[in-house]
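A short write-up of the structure that comes next.
Each value in this text was obtained by applying a stated rule to the coordinates, not by laboratory testing. Because the structure is a prediction, the values reported are computed rather than measured. FYI the Cβ positions are ideal-geometry reconstructions off the backbone, even for glycines, and counts take in every protein chain you see.
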Amino acid sequence: MSTSLRRQQARTGLLFVLPCVVLFAAFRFGPAIAAAALSLTDYTIGGGTNWIGLENFRRLAGDPTFWTAVRVTIVFTVLSVPLSLLTSVGMALLTRRTTIGTRFFRSVFFLPVVTSLVLAGVVFTWVFSDGGPWSSILGALGLPRQSWLADSALVIPALVLVSVWSRFGYGMLIILARLQDLPAELEEAAMTDGANAWQRFRYIVLPQLRPVLFFLAVIETTVSFQVFDTVYVMTGGGPVRASYTLVYALFDQGFRYFDLGYASAIGVALFVMTLVVALIQRLTLGRES
Amino acid sequence: MAWRIGRGVLLFAAAVLTLFPFYSMVVLSLKPAGPMTFPGSLLPWPVSMDGFEQVLGARSVLRWAFNTLVYAVVSVVGVLLLSSLAGYAFAKKHFPGKNTLFWSFVAMLMVPYHVTIIPVFVLVSKLNGVDTYWGMIVPTLANAQAVFLMRQFIAGMPDELFEAARLDGCSEWRVYRSIVLPLIKPILATLGVFVFLWHWNDFLWPLVVGTSDDMRTLTTGIASLQAEGVPLNVVLAGSVVAFVPIFMAYLVGQRFFKEGVTMSGIKG
């Protein structure tokens, strides 16, 4: 390649990436650095900006509301990720063999994934309301008839159910794609050797699903850490902050109280948590796969 | 045989549970205002169009739908154009700093969008972009995932395809337009559907940046109805308006939805 051609190549290359570079500098890199920097200031819109060092983090560490948000987010994640993965595996196994209607069922199970969580939130607010379907069914089963969204111990389980409803179809599809790649011979051989369905799943299918399940665990954890839409619509963080998640806290502090420095500190904390959990998952679950 | 029947029953029950919220949404949106009891209100009658009349008349649902469409369509076109240009350059051109630049783009995938939302909001408000279309759209065009997927897709194509055209004297723009673009059609479709869906369902960013009633999208508009304590049949009529276009598109192009969402991992 001649020098002039190479130079022309470099020029077009740069020209083609330029718009993206400008946008990334302005709206991704810059803000990422600014988020870290803002967390060290007492910036409010319209007010002044002072460097206050680690003051925001000291405030976070001593703020019971922040620790509530951390606890709520972790409890939500610990409940929703395994439940959602379990449902995904179950539904993938049920829709694995292509028989009449399988495609229809797969499409039905994937529909919530493409549905807005705001819409889901509006409907599920009614589902969980006092006298709504959920409390009526519980009542019919002899359990206390009450609105789960109004109970500080049950509000997270309610949000978890919505999250499982909205996410399991995604995991199901990813697992199905993997199941389709598995050679059928192994299972057939095990079947002729008299292995029952559970044994075939436990010793043949499950080990081969491990990498996919690891991938899903990471994705679902990230999604759960960022839960916001349903909280905003269904509970507003309540009752008494029982569903006050981290992103909801960030929104509340930043856009209701306009305490942007403090909200940025919450964002940095969320980022660190995401990173730490991804690392732990890599070291524990990931090693085996 | 028993297993077959059991499987069928389980599938059927799961489908009913999955579809129940959709059924409730539609049926309750067609009820007159008043307390929605269970199971009485889930009967398909009496039918009343009050909810739809109110939400389409007194409230700005059509305006919100228009805003959502603008937000989604302009973003799809912008993201596809910019990411395919950049992806092509990253895959097939040689220029100084290429790898550093590409991997720093990819590294941004690690930073959740919630972490940067405050500085982005501050920047947009300094540029007077709060409550404007461009202020809502432009920050979302910096899409690391799209650039990454484009680059991977184009890198898998043989160099000869592009060289031959260049030797024939085609300008770089012509090569992009008449060779690159037609070749990447499949990924344009799946990525396009994903970006569209992401924007259609996006909530936090429009909530923060679209502050007046006229700049709301369907998601933030419906959330505002819910927050104002508007009767449920009206809120749900709005929800049906927001849901039907996506549902129709899903019926027609399911494959793209599934590919788009699974390819990109996270729902908007």
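Observations on the structure shown:
- Efficiency of FRET between B:ASP168 and A:ALA25 - r from beta-carbon atoms, R0 45 angstrom, step 0.05: 0.80
- Across the alpha-carbon atoms of region A:63-288, the computed radius of gyration and Dmax are 20.1, 67 angstrom.
- When the pairs B:LYS31/B:LYS258; B:LYS93/B:LYS185; B:LYS98/B:LYS185 are compared against a 31 Å limit on Cα-Cα distance, B:LYS31/B:LYS258 fall above it.
- Each peptide among A:251-262, B:197-208 gets the average number of other Cβ atoms lying within 10 Å of its residues, and from highest to lowest they stand as B:197-208, A:251-262.
- Value of [θ]222 nm, deg cm²/dmol, for the protein assembly as shown, DSSP H segments ≥ 4, -39500 (n - 2.57) each, nearest 500: -22500 deg cm²/dmol
- Springs join every pair of Cα atoms under 10 Å in this Gaussian network model of chain B, and among B:VAL115, B:VAL79, B:VAL47 the largest mean-square fluctuation is at B:VAL115.
- Subtracting the Cα-Cα distance of A:THR192 and A:ILE74 from 0.36 nm times their residue separation leaves 38.0 nm of extension gain.
- Between A:LEU206 and A:ALA177, the simple spin-label model (points 7 angstrom out along Cα→Cβ) gives 2.5 nm.
- Kyte-Doolittle mean at least 1.0, axial Cα span of 24 Å or more - DSSP H helices of chain A: A:64-94, A:155-181, A:206-225, A:260-288
- The order of the peptides A:15-21, A:227-233 by mean Cβ neighbours within 10 Å, most packed first, is A:227-233, A:15-21.
- Over region B:60-264, equivalent-ellipsoid semi-axes from the Cα gyration tensor in Å: 36, 20, 14
- When restricted to Cα atoms, region A:112-174 yields an Rg and a Dmax of 12.8, 38 Å, respectively.
- The radius of gyration of the Cα set in region B:1-48, together with its Dmax, comes out at 15.0, 48 angstrom.
- Computed over region A:63-288, relative contact order equals 29 percent, with contacts defined as Cα pairs under 8 Å that lie 6+ residues apart.
- Computed over the protein assembly as shown, the alpha-carbon pair-distance distribution with 20 angstrom bins reads 19, 52, 26, 3, 0, each value a whole percent.
- Using alpha-carbon coordinates, inclination of helix B:2-29 to the longest axis of chain B, degrees: 80 degrees
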